[in-house]
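In what follows, a single structure is set out as structure tokens and then discussed.
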Amino acid sequence: MKFQKTIKSSVSISGIGLHSGKRVSLTLSPARSNSGIRFQRLDSNPSVSIEALVKNVHSTNLATTIAKDGVSVSTIEHLMSALWSMGIDNILCQVDGSELPILDGSALPFVQLIKKAGIKTQRSLKKVLVVKKEIEVKHGDKWAVLKPANDFKIRYTIDFPHPVIGKQTFEYSQATDFVKEIAPCRTFGFLKDVEKMQAMGLALGGSLQNAVVLDDVKALNEEGLRFSNEFVRHKILDAIGDFSLVGYSILGSVELNRAGHELQTKLIHELLSQKGAYVIVAPEESEQEQSIELTEAAYA
């Protein structure tokens with residue numbers, strides 16, 4: 001039987017926000033069973049608690065942003081990916097700014113923070129979203145497909161006309177060691193684009209300390225890449241974070257081709273909007289006894 005989990009104690013970390021360039025602090029605290037993952041803005045008055053669910057996704061431009069009552073928290077995907085991989089179902093994430101710290105641009109510092117806090121097994125059972133039929137969304141030569149499967153896996157393909165990247169494909173499954181193979185992989189960008197974004201007031205916190213930056217021919221980071229295909233592995237990291245916003249573990253196979261946050265979020269919306277496309281089950285009970293409409297829980 002698989003039970004829900006939270007962390008044992010509160011832990012904190014601080015760093016620079018990728019887009020604001022401002023220093024921000026994040027505190028993770030234990031939460032009760034069935035309360036889910038919530039973000040709380042401590043700098044808003046009154047403070048606003050935002051459920052980490054796809055219904056609250058406000059923007060997918062350059063990062064995943066959730067919002068409620070006019071208050072938002074952005075760049076949540078790396079933390080969400082770490083929480084998913086560590087099996088955390090219930091947690092309170094308190095932040096004193098509009099975005100999470102980017103840290104080194106990967107999910108590894110968040111994984112280490114969760115390990116520091118310790119993991120506590122709770123009494124309530126996890127529930128699982130079981131994909132029942134194929135769902136597909138497209139935008140030009142970009143596409144995303146979700147199919148029924150006996151476990152959760154993501155196959156991601158990217159294709160950049162750059163000598164260091166090119167075409168890369170990676171498949172993540174339950175057998176993949178997230179901590180070793182996915183968590184260390186950093187976000188990346190191109191120097192010419194970074195300069196344009198900073199001129200627009202974006203990516204003000206971006207640097208070689210928190211991203212892989214490429215000029216026309218090479219990566220500018222002195223330490224080089226952590227994996228030869230670090231780029232597609234990071235896309236997997238982001239996708240896991242986005243799919244965690246379903247609010248449940250997933251039994252389904254995801255295939256992504258140059259998708260990104262926007263298309264990944266659209267795929268989730270499409271899944272949740274189609275009657276008969278999924279059921280929610282408790283691990284030790286039959287689908288017939290435990291199936292419920294997700295709209296009653298995570299999408300209403």
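Here are a few things to note about the model shown:
- Take every pair of alpha-carbon atoms less than 8 Å apart whose residues are at least six positions apart; their mean separation over the length of the stretch 128-296 yields a relative contact order of 37 percent.
- Low-density loop cleavage sites - GluC sites (Glu not before Pro) in the stretch 11-115, where at most 13 other Cβ are within 10 Å (DSSP): none
- Contour minus Cα-Cα distance for Ser49 and Lys8 (0.36 nm per residue): 12.7 nm
- Cα gyration tensor, the chain - rounded (a/c under 1.5), prolate or oblate: oblate
- Relative exposure of Thr6, Thr65, judged by other C-beta atoms within 10 Å (fewest first): Thr65, Thr6
- Label-point separation, Asp216 to Lys133 (7 Å along Cα→Cβ), nm: 5.1 nm
- Remark: spin-label model distance Asp104-Asp159 equals 3.3 nm, labels positioned 7 Å along the Cα→Cβ axis.
- One chain, two ends: Asn150 and Ser273. Fully extended at 0.36 nm per residue, the span grows by 42.1 nm beyond their Cα-Cα distance.
- Applying both filters, DSSP loop and at most 15 other Cβ atoms within 10 Å, to the GluC sites (Glu not before Pro) of the stretch 108-201 gives Glu134.
- Bridging of Lys275 to aspartates and glutamates at a Cα separation below 20 Å is possible for Glu134, Glu136, Glu287, Glu289, Glu293, Glu296, once same-chain residues fewer than 8 apart are set aside.
- Centroid-to-centroid separation of the stretch 141-182 and the stretch 196-242 [C-alpha atoms, Å]: 17 Å
- The residues neighbouring Pro109, those whose beta-carbon lies less than 12 Å from its own, together hold a net charge of +2 under the Lys/Arg +1, Asp/Glu -1 convention.
- Distance from the C-alpha centroid of the stretch 1-57 to that of the stretch 87-101: 2 Å, rounded to the whole angstrom.
- Prolate/oblate/rounded call for the stretch 17-106, Cα gyration tensor, a/c under 1.5 rounded: rounded
- Counted by neighbouring Cβ atoms within 10 Å, the residues Met200, Met86 run from fewest to most as Met200, Met86.
- Per-pair calculated FRET efficiency, R0 = 35 Å: Asp141 and Ser25 via Cβ, rounded to 0.05: 0.30
- Which listed pairs, of Lys126/Lys266; Lys180/Lys266; Lys167/Lys196; Lys8/Lys127, have C-alpha distances above 27 Å, in listed order: Lys180/Lys266
- Full-extension gain in nm, Ser228 to Ser35, via 0.36 nm per residue minus C-alpha separation: 65.5 nm
- Taking amide H as placed 1.01 Å from N in the peptide plane, the amide H of Thr187 sits under 5 Å from that of Ser106, Val212, each at least 5 places away or on another chain.
- Restricting the stretch 1-85 to trypsin sites (Lys or Arg not before Pro) in coil, as DSSP defines it, with at most 16 other Cβ within 10 Å: Lys2, Lys8, Lys22, Arg32
- Under the Karplus curve 6.51 cos²θ - 1.76 cosθ + 1.60, θ = phi - 60°, whole-Hz ³J(HN,Hα) for the stretch 87-97, x wherever Gly or Pro sits: x, 7, 9, 10, 6, 10, 10, 9, 9, 9, x
- Neighbour counts of C-beta atoms inside 10 Å place His261, His234, His162, His78 in the sequence His162, His261, His234, His78, starting with the fewest.
No lab work stands behind these numbers, since they all come straight from the coordinates. Just so it is clear, the structure is predicted and the values come from calculations on it, not from any experiment. Positions of Cβ are generated from backbone atoms using ideal geometry, with glycine treated the same way; all protein chains shown enter the neighbour counts.
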